[in-house]
1. Quick check on my filter: what residues within the stretch 1-33 are within 15 Å of residue 57 (Cβ to Cβ) and not basic (Lys, Arg)?
2. Within the set of pairs 6 or more residues apart or between chains, which connect a residue that is charged (D, E, K, R) inside the stretch 46-69 to a residue that is open to solvent by 20 Å² or more (accessible area, probe 1.4 Å) and part of a strand (DSSP E or B) with Cβ atoms less than 8 Å apart?
3. Counting only residues that are at pLDDT 95 or above, over 20 Å from residue 106 (Cα atoms) and surrounded by fewer than 24 Cβ atoms within 10 Å (Cβ to Cβ), how many does the stretch 291-315 have?
4. Only one of 81, 70, 57, 61 is touching a helix residue (DSSP H, G or I) at 6+ places or on another chain (Cβ under 8 Å), crowded, with 24+ Cβ neighbours inside 10 Å and not hydroxyl-bearing (Ser, Thr, Tyr). Can you tell me which?
5. Condition test on residue 349, is it more than 13 Å from the chain's Cα centre (by Cα), surrounded by fewer than 17 Cβ atoms within 10 Å (Cβ to Cβ) and within 22 Å of residue 285 (Cα to Cα)?
6. Within the stretch 172-204, work out how many residues are open to solvent by 10 Å² or more (accessible area, probe 1.4 Å), free of Cβ contacts under 8 Å to residues at least 40 places away in the same chain and assigned to a helix (DSSP H, G or I).
7. Might you check whether a residue that is within 20 Å of the chain's Cα centre (by Cα) and basic (Lys, Arg) occurs anywhere in the stretch 101-123?
8. Can you tell me which of 19, 14 is buried (at least 18 other Cβ atoms within 10 Å of the Cβ) and either among the acidic types (Asp, Glu) or at pLDDT 95 or above (or both)?
Amino acid sequence: MTSRRPEFPVDRLTVRVYTVPTDRPEADGTFSWHATTLVLVQAHCGPATGLGWTYGAPATAALVREPLAAAVLGRDALDTAGAYEAMRRALRNAGRPGAGTYALSAVDVALWDLAARLLGLPLVRLLGGRSRPVAVYGSGGFTSYPDRVLERQLRGWTDRQGIPRVKIKIGEAWGTRPERDLERIAAARHAIGPGTALYVDANGAFTAKQAIRLADAFAEDRVTWFEEPVPSDDLPGLAAVRAAVSPDVAAGEYGDEPRYFARLAPAVDCLQADATRCGGLTGFLRAATVAEAAGVPLSAHCAPHVHAHAAAARPGVRHLEWFHDHVRVESLLFDGVLDPTGGTVTPGASDASGHGLHLATERAESHLTAAWTLPAD
């Protein structure tokens, strides 16, 4: 019995690496950076092209070229589940966690986008949902910002765009400057006024007892979200903080498979998942199922234009992170970006197929650092 030839074979993959400088130095509690690298994958079937991407080291692109391309080329573009499993198996010896899953994520997003474009559907429809508003929160507030810059950024979200929830980074210098954290939290509350929700993100800078003491100290500033108060792999520490503080404790941005999220869910009030790290939209949807089974909401970490359609398709998704760095990069590299004015985005509202984005080739060109086409021309 001969196998049936795919009706919509993936005939080409294009891989591009873009590096975009930040608009000013950025830092959180445990890391600092001056540029952001986006690895873009374009999956082609005849004239149709799907876009997917991840944020990570340029070396991530090498794993798309080998071994992932061989697992995808020639496969039916509508067989996203089969492609996902083939890519997971192909990464066995290359190293699936970390850069391997980042690379897989970019290809998976591109394949979902390609499938929706081939069918002439907005991606949210292909994912089983409908176009509807999805809440966003403004995110940035880097520890490297002077207070005047922090306040200007926060007011840009609240006053100009009407976003009613914002997040800043804390845990400066690996949690060794709690007094400065408290000053910045107070400055943020002053800038946004009493009616806006204030979130903080420590990026794992604290021990559990440090985090609990700090939460007690910033209680008067009415913080309602405490992200990664301790490292995300410290499940007992997360559970201890969750039991002791009033804000919702959130973590999960480094998760790479459903079992990770299942272990984490009992220790947090809200799971986070990042489709550019956890296996693309396939991985994100599986994380959403884990969150639903555990009875906790899910929040999409960073890369808002990757997540928007999946978030609209799953009612258990609490919100998208409108992350300053990634919003800048995605607005520069793509046409068709979403508008968060009023505190929501509505993916699929234009009825464009796929996620509705197109590479802005001319704008992006000056940031291109590497490119390949597979199979080679």
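1. Listed by number, the residues that qualify are 15, 17, 18, 19, 20, 31, 33.
2. 65/372; 65/374
3. 7
4. None of the others qualify; the one that does is 61.
5. yes
6. 9
7. Within the stretch 101-123 (the criterion being within 20 Å of the chain's Cα centre (by Cα) and basic (Lys, Arg)), the answer is no, since none of the residues qualifies.
8. Working: 19 fails: buried (at least 18 other Cβ atoms within 10 Å of the Cβ).
The conditions single out 14.
The values are calculated or read from the model by the stated rules, or taken from the named source; none is laboratory data. Because the structure is a prediction, the values reported are computed rather than measured. Positions of Cβ are backbone-derived with ideal geometry, glycine not excepted, and every protein chain shown enters the neighbour counts. Ligands, DNA and RNA are excluded from the accessible area calculation, which covers all protein heavy atoms including side chains. Shrake-Rupley method; radii C 1.70, N 1.55, O 1.52, S 1.80 Å.
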